[in-house]
Amino acid sequence: MSTFLGIPRRRAGDDEPFGPLPHPETPLRWGESFPDAAKAALGNDQLRRNLARATSTIRDKRARVVAEVPDWEALRDAGSAVKQQVLAELPELLARLEENVTARGGVVHWARDADEANRIVAEIAKAKGVDEVVKVKSMATQEIGLNEALAARGIAAVETDLAELIVQLADDMPSHFLVPAIHRNRSEIRDIFLARMADAPADLSDTPRELATAARAHLRRKFLSARVAVSGANFGVAETGTIAVVESEGNGRMCLTLPETLVTVMGIEKLLPSFTDLEVFLQLLPRSSTGERMNPYTSLWTGVTPGDGPQEFHLILLDNGRTKVLEDERGRAALHCIRCSACLNVCPVYERVGGHAYGSVYPGPIGAILTPQLTGPSGTRGGGHDDPNASLPYASTLCGACFEVCPVKIDIPSILVDLRAREVDADRGRLVDPVAAVMKAASWAMSDGDRFAGAERLAALTHVVGGADHVVKHLPYPGSRWTGSRDLPVPPARAFRRWWADRKESQ
C-alpha cells in the first residue's frame with residue numbers, strides 16, 4: 001500500500017473501519033506540559049495563520065448577532081442562575097431525569113468514570129451485533145476516549161461531523177470545541193481526504209463545495225447502513241426527560257433518527273430543570289458558538305416513540321470527576337460551561353498556540369480551569385509540580401476577555417488565580433524551589449526602603465545590556481529561565497526615587 005504524508009493510502013472501494021487510532025490513552029492529560037507544547041506551536045507559522053483567520057471570523061459574527069439582542073446581559077444572568085440552580089439541586093434533578101426518561105421507554109445507565117461508560121456503550125453495540133456505529137460530535141465521548149475504547153473491542157466509531165471526520169481521518173486530535181479541525185486549512189483537508197477517504201474523487205480540489213460534497217457522499221452510505229448511533233447531549237431536561245442536541249450540518253439529525261438504537265452519553269452537569277429553560281439557552285448557545293441567531297438543526301427527543309425514530313434509547317449519565325469538582329465552592333462554576341467555545345475565540349493565548357498545546361480535549365480558558373479539576377487529586381488542592389496539567393492555569397494573560405463573552409458568566413480569571421494559588425501551595429516543601437527562592441528574595445528587598453533602593457540601583461545596571469530596543473533577550477542561568485521564552489524590558493537608567501530626589505534638589 002502506498003503512503004501519503006506518512007499515512008497509508010486506502011484502496012478505492014476499501015470499506016475497512018477507521019480504528020484503532022493512535023490517540024492518547026488519557027484524553028484529559030497527554031503529551032508535554034503546556035509551556036513546552038506552546039513553545040513548539042509558536043514555531044508553526046501556518047498554524048497561527050489558520051487560527052487567527054478562523055477565530056477572528058467567529059468573533060466578528062458573534063459580536064454582530066449579540067448586538068441585535070437588547071436583553072443580552074439579562075439572558076446571561078438568567079443562564080448563570082439556571083446553572084447555579086442545577087448544581088445546587090443536582091441529585092434531585094438527576095433522579096427526576098432518570099424517572100422521566102424511564103417512564104417514556106428509555107434506559108438510564110450511571111457511569112462513574114470513562115472505563116465504565118465505554119464498557120456500557122460497547123456492550124450495547126455488541127448486543128446488537130454491530131461492528132460499526134455512527135457518531136454525533138460529542139465532547140463527552142472525546143473526554144472518555146470512546147472511539148479508541150470501541151476500536152479495541154473491534155467496533156469502529158465513524159465521526160459524522162465534517163470537522164470531526166477530518167480529525168479522525170488524519171489520526172489527529174481536536175483543537176477546538178466548535179471547529180475541531182480549526183488548525184487545518186483547505187489544502188491540508190484535501191490531502192487528508194485523498195489519502196484516507198477511500199471513495200474521495202481522484203481529482204478532488206480544495207474548494208469548500210467539493211470537499212463538503214465528497215464528505216457528504218462518503219457519510220451518506222454510513223448513515224443508511226448504521227443500526228446503532230452514539231451522541232452527546234447539549235441539554236437534558238429533568239422535568240420531561242427530553243434530550244437536546246444542536247448542530248449545523250444535519251449529520252446529527254441523521255444519526256438521531258435513522259438507526260434502530262441510540263446511545264447518548266451526557267455529563268451530569270448538562271441538566272436543565274424545566275423545559276422552558278431551553279428558551280434561554282437556545283438563544284445563548286448559537287450566538288456564542290457559531291455566531292448564528294439559531295442553530296440550523298435543533299433535535300429534541302423524549303424516550304421512545306413507536307414507529308418514529310430509534311426504537312431503543314439508552315442514556316448514560318457520566319460523572320468522570322464532576323462530583324469532585326462539585327465539592328469545590330470556587331471551582332465548581334466550571335461545570336456551568338455549555339461548550340460554546342466563545343472563550344477560545346477571544347483568548348490571545350489560544351489564538352497563538354491552538355488547542356493541542358493544552359494536552360486535553362478541553363483547550364482554551366475553560367480547559368485551563370476544567371481539566372486540572374477533573375484530573376487533580378481533589379477538588380480543593382492542586383496536582384503538584386509534577387502533574388502536566390499543573391501549568392494549565394498559567395496559560396492565560398488574565399485579560400478577562402473570556403469572562404466578558406461567556407454566555408453563563410463563568411468568572412474564569414478568578415478561578416485561574418485560585419487554581420494557581422493551589423498549585424503554589426501543593427509545591428510548598430520542595431527541596432529546591434527556584435520560584436519560591438526568587439519570591440523570598442524579592443520580599444526581603446521590598447520590605448525595607450533602603451534595601452529596595454539598593455535593588456533599584458542594581459537593576460539599573462542592566463540598562464547597558466538592553467541594546468537599542470532596551471530589551472534583554474539573553475541572561476545567564478537562572479535568569480535564562482525567563483529570557484528563554486520572554487523578553488525582559490530593562491528598567492530606566494534612573495529609578496523614580498532617584499529622579500524624584502534629584503528633582504527636589506534642583507528646586
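The values are calculated or read from the model by the stated rules, or taken from the named source; none is laboratory data. Bear in mind the structure is a predicted one, so any value in this text is a computation, not a measurement. Virtual Cβ from ideal backbone geometry, glycine too; neighbours counted across all protein chains shown. Ligands, DNA and RNA are excluded from the accessible area calculation, which covers all protein heavy atoms including side chains. Shrake-Rupley method; radii C 1.70, N 1.55, O 1.52, S 1.80 Å.
Brief remarks follow.
- Solvent-accessible surface ranking, highest first, for LEU475, LEU211 at 1.4 angstrom: LEU475, LEU211
- Shown for the chain is the translational diffusion coefficient from the Stokes-Einstein equation, using the Kirkwood radius over Cα pairs, a temperature of 4 °C and a viscosity of 1.567 mPa s: 52 µm²/s.
- Looking at the chain, the DSSP beta bridges with both ends there are about 35 percent antiparallel.
- Heavy-atom surface analysis with a 1.4 Å probe gives the range 120-221 a carbon and sulfur content of 50 percent of its accessible area.
- Once the convex hull of all Cα atoms in the range 285-339 is built, its volume per residue stands at 123 Å³.
- Using heavy atoms of the protein chains and a probe of 1.4 Å, the accessible area assigned to LYS409 is about 60 Å².
- Degrees separating the helix 208-225 axis from the principal Cα axis of the chain, which is the longest one: 50 degrees
- Shown in residue order for the range 344-358 are the 3J(HN,Hα) couplings computed by the Karplus curve 6.51 cos²θ - 1.76 cosθ + 1.60 at θ = phi - 60°: 5, 6, 9, 7, x, 6, 4, 4, 9, 10, x, x, 5, 5, 7 Hz (x for Gly and Pro).
- SER360 sits among other residues whose Cβ lies under 10 Å from its own Cβ, and their net charge, with Lys and Arg +1 and Asp and Glu -1, is 0.
- Accessible area (Å², 1.4 Å probe, nearest 10) - TRP482: 120 Å²
- On a per residue basis, the chain carries 47 Å² of accessible surface, using protein heavy atoms and a 1.4 Å probe.
- Taking a ≥ b ≥ c as the square roots of the eigenvalues of the Cα gyration tensor, an a/c ratio of 1.5 or more together with a/b no larger than b/c marks the range 230-304 as oblate.
- Cysteines in the chain that, by Cβ-Cβ distance, have no pairing candidate under 4.7 Å: CYS255, CYS337, CYS340, CYS347, CYS399, CYS406
- Degrees separating the helix 114-127 axis from the principal Cα axis of the chain, which is the longest one: 20 degrees
- Here's the picture: charge each Lys and Arg Cβ at +1 and each Asp and Glu Cβ at -1 in the chain, and of ALA163, PRO91, ALA453 the one pushed furthest to the positive end of that dipole is ALA453.
- Within the chain: Cβ-based charge dipole about Cα centre, in debye rounded to nearest 20 (Lys, Arg +1; Asp, Glu -1): 1320 debye
- Using the Cβ-Cβ distance between ALA152 and TRP110 with R0 = 25 Å, the FRET efficiency computed as 1/(1 + (r/R0)^6) comes to roughly 0.65.
- MRE, 222 nm, helices only [DSSP H, n ≥ 4, -39500 (n - 2.57), over the chain, to nearest 500]: -14000 deg cm²/dmol
- Sparsely packed GluC sites (Glu not before Pro) within the range 31-109, loop by DSSP, other Cβ within 10 Å at most 11: GLU68
- For PHE275, solvent-accessible area (1.4 Å; no DNA, RNA or ligand), Å²: 90 Å²
- Applying the Karplus relation 6.51 cos²θ - 1.76 cosθ + 1.60 with θ = phi - 60° to the range 269-279 yields 3J(HN,Hα) values of 7, 7, 6, 10, x, 10, 5, 5, 5, 4, 4 Hz, where x marks Gly and Pro.
- Proximity of backbone amide H atoms, modeled 1.01 Å from N, is registered between VAL158 and VAL133, VAL134, LYS135 at under 5 Å, excluding neighbours fewer than 5 places apart on the same chain.
- Of the residues MET446, MET439, ranked by 1.4 Å probe accessible area with the largest first, the sequence reads MET446, MET439.
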